[in-house]
Every structure is written in C-alpha cells, then in structure tokens.
Amino acid sequence: MHPFCENFPFFCIMLSMLSAIISAVIGGKAAKWLSYCVSAACTVMSAILLGHVLKTGESFVYMVGHFPAPWGNELRGGVLEAAVATVFSLVMLLSLMGGERHIFADIAKGKINLYYTMADLILGALLALVYTNDMFTGYVFIEISTIASCGLLMIREIGRTTIAATRYMVLSLIGSGLTLIGITLLYDLTGHLLMSNMQASIAALVESESAAVPLTTTIGLIAVGLSIKCGLFPFHTWMPDTYGYATPASSSILSGLVSKGYIFLLIKIFWRVVGFDVIKSSRVLDVLFIFGLAAIVFGSVRAIAQGDSRKMAAYSSATQIGYVFVGIGLGSEAGFVAAIFHIFCHAVTKPLLFTTLGALSDVSGGSKLFADLQGSGKRDPLAGIGFTVGALSMVGLPLFSGFISKLLIATASLGNPKRVLPTLIVLAISVILNAMYFMRTVLRIYRPSDRRDRPERKHRVTFACSVICLIGLNLFLGLVSQPVTDALELGLRMFS
C-alpha cells in the first residue's frame with residue numbers, strides 16, 4: 001500500500017490544469033485568488049512529498065491510470081523532483097503576489113482572468129516537466145509552457161510585447177523542433193519513451209558500440225534545443241525585450257521559472273535517459289561548458305552597457321544561465337549539484353529583482369532609466385532593500401545564496417584539472433563585472449535626488465509579503481546551504 005502523498009505529483013499537475021480551465025470563465029479577482037490557492041496548495045503538497053522521500057530515501061513511480069507502459073504514462077517522485085516542485089510552486093505564488101498591482105494596471109480588465117489562466121498553465125507544465133518519467137509527455141508540456149509564456153507577454157497589448165512574443169515564439173519553436181527530432185531519434189534507437197527503459201537500452205547500445213554516432217547526434221540535438229529555449233548564449237537575443245517590456249510578474253515567471261524548467265528537464269535527460277557515465281564521456285558537455293563561460297562574460301558586459309534597469313536585469317539572466325551550464329559542463333556530481341543549487345538561487349533572486357524594479361519605477365514617474373531611478377530607494381524603502389538584497393546575491397556577497405552557488409561551482413571545478421583554471425578565471429571576472437552594474441544601480445537608487453515624487457504611503461500586503469519572503473528565501477539558501485546540498489546529492493544518486 002503506497003502512502004497517500006505519492007499521489008501528490010498527479011494532484012498538483014491536474015489541479016493547475018483544472019484551475020486554468022476555471023480561470024478562463026470567471027472574473028479577474030476570482031481567478032487571482034484561485035491561482036494563489038492552487039500555487040499554495042502545490043507548494044504544500046510538494047513540501048510534504050519532499051519530507052516523505054527524504055525520510056524513506058527512495059524514489060517512487062506513479063502510474064497514471066494504473067496502466068503500465070506502453071499504454072499508460074508514469075510520473076516519478078524523488079528528492080530532486082519534490083524539491084524543485086516546491087521551489088517552483090512557491091516562487092510562482094510569490095511572483096504573482098509581488099506583481100499583482102501591475103497585472104491589474106497593465107492588462108485590460110476583461111483579460112485579467114486570462115493572465116491567471118496562462119500562469120496556471122505554466123505552473124502545471126513546469127510541474128509535469130519536473131515529475132514526468134516519459135519523454136514524449138515532456139515534449140507536450142514543453143509546448144504548453146511555450147504557448148502560455150507567449151500569452152503572458154502578448155496579453156499586455158503594447159507593440160513591444162507583441163514583437164518580443166513573436167521573437168520568443170520563433171526561437172522557442174526552433175528549440176522545440178530540435179528537441180522533438182532528438183526524442184524521435186531516441187525512440188527509434190531504443191524503442192521506448194519511458195526514461196528508465198530508454199536508459200537500459202542506451203547502456204546496451206554503448207556497450208555494443210553499435211550506435212555511437214547516432215546517439216551522440218541525438219544527445220546534441222536535445223541539448224541544443226533545450227539550450228535555445230532557456231536562453232543560453234548565443235541564443236539569448238529574445239531576453240532583453242521579453243523581460244524588459246513584460247509586466248514584473250511575467251518577467252519574474254519567465255526568468256525565474258520557465259527557463260529553469262527546461263534546464264531541469266535537460267539534467268533529467270542526462271542522468272535518467274542517457275546515463276551519467278555516458279554523458280560524462282561525451283563531447284556535449286565540453287560544448288555546453290564553453291558556451292556557459294561565454295554567457296557569463298558576454299551577458300555581464302552587455303548588462304554594463306544598458307541604460308535601462310529592466311534590460312540590465314535581463315542580460316544578467318543570460319549571465320546566470322551561464323553559471324548553470326558551467327556547473328553542468330564540469331561533468332561531475334559536484335558540478336550538477338552546483339548547477340541545481342544555482343537554479344534555486346536564481347529562481348528566488350530574479351523575481352525579487354524584477355518585482356522591486358517595478359516598484360522603484362513606480363516612484364520614479366514610471367521610468368526604468370537609471371537616471372530617473374536616482375533616490376528611488378529612499379522613496380520606496382522596502383523595494384530598495386529588496387533590490388539591494390537581490391543585487392548583493394547576484395554579485396556573490398557572503399550570507400546570500402549567490403555566494404554559495406559560486407562557491408559550489410568553484411569547488412566542483414577543482415575536481416577537473418582541465419577546467420579548473422578557466423572556471424576560476426571567469427568566476428573572478430564575473431564577480432567584478434556583476435559588481436560594476438549591480439552596485440552601480442544600488443548606489444544610484446540611494447543617491448540624493450531633487451525629484452518631488454512621493455513614496456507610496458503603503459504597499460499592498462501581497463507585495464510586502466512577496467518581497468519579504470523572497471528576501472528570506474535568499475538568506476535561507478545563503479545561511480543554511482548544507483542541508484540543501486546534501487538533499488541535492490541524495491536526489492542525484494536517486495536519479496542514477
């Protein structure tokens with residue numbers, strides 16, 4: 001008899017999808033509260049499941065409809081899946097709460113419910129990517145996430161968001177197409193779609209050395225496809241307009257969650273489908289490592305050149321994606337732990353930055369330009385503190401999550417003599433570059449200003465709760481990182 005909590009992955013996915021359907025036919029305020037409740041429920045269920053798998057030390061498989069493959073479908077729950085689902089659900093809730101004011105201000109009243117429909121679809125798709133044990137199901141929810149993400153952008157209905165959504169859609173479809181081709185070739189090579197069955201077949205192929213070239217090509221196609229979708233350099237060109245002109249909640253969701261869902265799926269494929277030993281010996285990780293290093297440097301340089309605060313934060317996201325791929329490219333368990341930890345770090349930090357930048361812009365005449373943000377940290381103290389915490393974390397100051405993730409990447413690189421020097425050099429350069437554009441912004445928002453803008457006398461409770469919780473999560477990851485990394489190591493061993 002399986003514990004009841006092993007049904008929670010299925011419940012979370014179906015609850016999010018059902019909420020999206022209901023939100024499409026109810027009012028905006030009702031849709032808002034429904035979305036809040038669903039995100040909170042998914043957070044609680046995922047946290048309970050995390051406690052369960054940590055206690056048992058074993059993963060489990062849930063057969064949807066109780067039909068075995070190839071007729072049925074499977075979800076898999078382990079420490080990594082439950083931890084990522086908990087973070088994703090909580091950050092979705094906090095992103096919507098923090099950006100609530102702009103959602104109701106920037107979107108036509110009759111379409112607000114559709115915004116929450118898209119948010120619920122994205123949450124359901126992300127949870128499906130996290131829990132699925134079936135490759136084709138993963139592809140289906142990649143497409144659902146892509147379409148819903150474009151909806152989040154276009155629903156604001158200004159010219160730049162339409163252009164941004166079109167560019168995002170074109171590049172995403174290229175990535176989706178490459179991923180689908182890779183999945184099709186994998187099915188042709190193995191005859192299976194379930195990840196565990198695929199891994200057994202691939203191990204047999206590698207041992208017989210009968211399909212080395214097709215297998216490497218297939219892995220490369222999937223890696224490139226998902227890299228395009230998450231915005232790894234040089235496929236990041238959609239980021240500035242996408243994050244710069246969307247509402248703060250949309251920027252938070254797309255940057256903090258959607259791109260991380262694709263990366264987590266890629267990690268699952270490397271460990272659960274291809275196998276760690278096979279992927280470690282492939283040249284695919286070498287390519288990802290090089291582009292990760294390039295993303296860190298190029299994204300930081302481009303961020304320094306920006307005069308718009310939101311575009312600066314967008315290019316910073318390209319840099320943070322680079323950190324994740326450097327960790328993956330190190331090709332070790334420690335490197336993957338560092339990569340997943342940085343996924344958590346970025347997921348709780350980027351929504352904090354975009355949410356507070358929106359509030360700082362509100363008390364600066366609606367402008368996002370650095371010159372107009374001068375003194376905004378004093379005009380809106382809570383937003384100023386929140387942005388400062390997020391900036392210090394991205395720079396890598398001790399006590400914050402960004403410091404731990406950079407430390408983990410540096411430590412992991414010591415186990416790879418060929419990659420330790422470039423990793424440490426790029427990390428050192430990135431800290432300097434990150435400090436240049438983030439600390440410049442922090443100093444700017446606290447410099448005296450002769451503007452006559454007045455701070456908002458009180459924030460919405462939802463905004464204050466969101467900022468305070470995101471700050472708390474950042475400090476938690478920075479101060480209590482050892483239990484988190486221990487859990488990630490256990491989760492990776494369950495993956496194998």
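Selection of the stretch 120-140 for residues being out of contact with any Gly (no Cβ under 7 Å at 6 or more places or on another chain), assigned to a helix (DSSP H, G or I) and either modelled with pLDDT under 90 or over 19 Å from Ser255 (Cα atoms) (or both) yields Met135, Phe136, Thr137, Gly138, Tyr139, Val140.
Rundown of residues vs (1) in contact with a helix residue (DSSP H, G or I) (Cβ under 9 Å, 6 or more places away or on another chain); (2) closer than 17 Å to Ser176 by Cα; (3) at pLDDT 85 or above; (4) not aliphatic (A, V, I, L, M), yes/no style:
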position	(1), (2), (3), (4)
His236	yes, yes, no, yes
Thr242	yes, no, no, yes
Ala246	yes, no, no, no
Ser252	yes, no, yes, yes
Ile267	yes, yes, yes, no
Gly275	yes, no, no, yes
Val287	yes, no, yes, no
Gly292	yes, no, yes, yes
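Close Cβ contacts (under 7 Å, 6 or more residues apart or on different chains) running from residues in the stretch 357-378 that are in contact (Cβ under 8 Å) with a residue 12 or more places away in the chain and closer than 11 Å to Arg444 by Cα to residues that are open to solvent by 40 Å² or more (accessible area, probe 1.4 Å) and aromatic (Phe, Trp, Tyr) comprise Gly377/Tyr446; Lys378/Tyr446. Restricting attention to the stretch 392-403, does a residue exist that is surrounded by 15 or more Cβ atoms within 10 Å (Cβ to Cβ), in contact with a Gly (Cβ under 8 Å, 6 or more places away or on another chain) and within 22 Å of Ser250 (Cβ to Cβ)? Scanning the stretch 392-403 turns up at least one residue that is surrounded by 15 or more Cβ atoms within 10 Å (Cβ to Cβ), in contact with a Gly (Cβ under 8 Å, 6 or more places away or on another chain) and within 22 Å of Ser250 (Cβ to Cβ).
Are any residues in the stretch 154-194 under 16 Å from Gly231 (Cα atoms), modelled with pLDDT of 80 or more and among the hydrophobic types (A, V, I, L, M, F, W, C), and if so, which ones? If the condition is that a residue be under 16 Å from Gly231 (Cα atoms), modelled with pLDDT of 80 or more and among the hydrophobic types (A, V, I, L, M, F, W, C), then Met169, Val170, Leu171, Leu173, Ile174, Leu178 are the ones that fit.
For the stretch 181-189, the count of residues that are assigned to a helix (DSSP H, G or I), farther than 21 Å from Gly366 by Cβ and without any contact (Cβ under 8 Å) to a residue 12 or more places away in the chain is at least one. Does Ala294 fit the bill of being in a helix (DSSP H, G or I) and crowded, with 24+ Cβ neighbours inside 10 Å? So Ala294 fails the test.
Residues in the stretch 315-323: is at least one modelled with pLDDT of 85 or more, surrounded by fewer than 24 Cβ atoms within 10 Å (Cβ to Cβ), out of contact with any strand residue (DSSP E or B) (no Cβ under 9 Å at 6 or more places or on another chain) and closer than 28 Å to Thr137 by Cα? So far as the stretch 315-323 goes, no, none of its residues is modelled with pLDDT of 85 or more, surrounded by fewer than 24 Cβ atoms within 10 Å (Cβ to Cβ), out of contact with any strand residue (DSSP E or B) (no Cβ under 9 Å at 6 or more places or on another chain) and closer than 28 Å to Thr137 by Cα. Only a single criterion out of (1) outside any helix (DSSP H, G or I); (2) over 24 Å from Ala313 (Cβ atoms); (3) of a type in the set (Phe, Trp, Tyr) is not satisfied by Phe235, namely (2). Report, by residue number, each residue of the stretch 336-384 that is open to solvent by 10 Å² or more (accessible area, probe 1.4 Å), aliphatic (A, V, I, L, M) and more than 21 Å from Thr242 (Cβ to Cβ). Ala371, Leu382 - these are the residues of the stretch 336-384 that are open to solvent by 10 Å² or more (accessible area, probe 1.4 Å), aliphatic (A, V, I, L, M) and more than 21 Å from Thr242 (Cβ to Cβ). Counting the residues of the stretch 270-291 that are touching a residue at least 12 places away in the same chain (Cβ under 8 Å) and open to solvent by 50 Å² or more (accessible area, probe 1.4 Å) gives 5. So which of Glu81, Glu74, Glu58 is farther than 18 Å from Leu265 by Cα and charged (D, E, K, R)? Just one listed residue meets the conditions, Glu58.
On the stretch given as the stretch 120-178, residues that are more than 23 Å from Ser16 (Cα to Cα), open to solvent by 10 Å² or more (accessible area, probe 1.4 Å) and in contact (Cβ under 8 Å) with a residue 60 or more places away in the chain total 5.
The values are calculated or read from the model by the stated rules, or taken from the named source; none is laboratory data. Every value quoted in this text rests on a predicted model; they were computed, and no experiment measured them. Neighbour counts run over all protein chains shown; Cβ positions are idealised from the backbone, glycine included. What goes into the accessible areas is simple: the full protein's heavy atoms, side chains included, and nothing from ligands, DNA or RNA. Shrake-Rupley method; radii C 1.70, N 1.55, O 1.52, S 1.80 Å.
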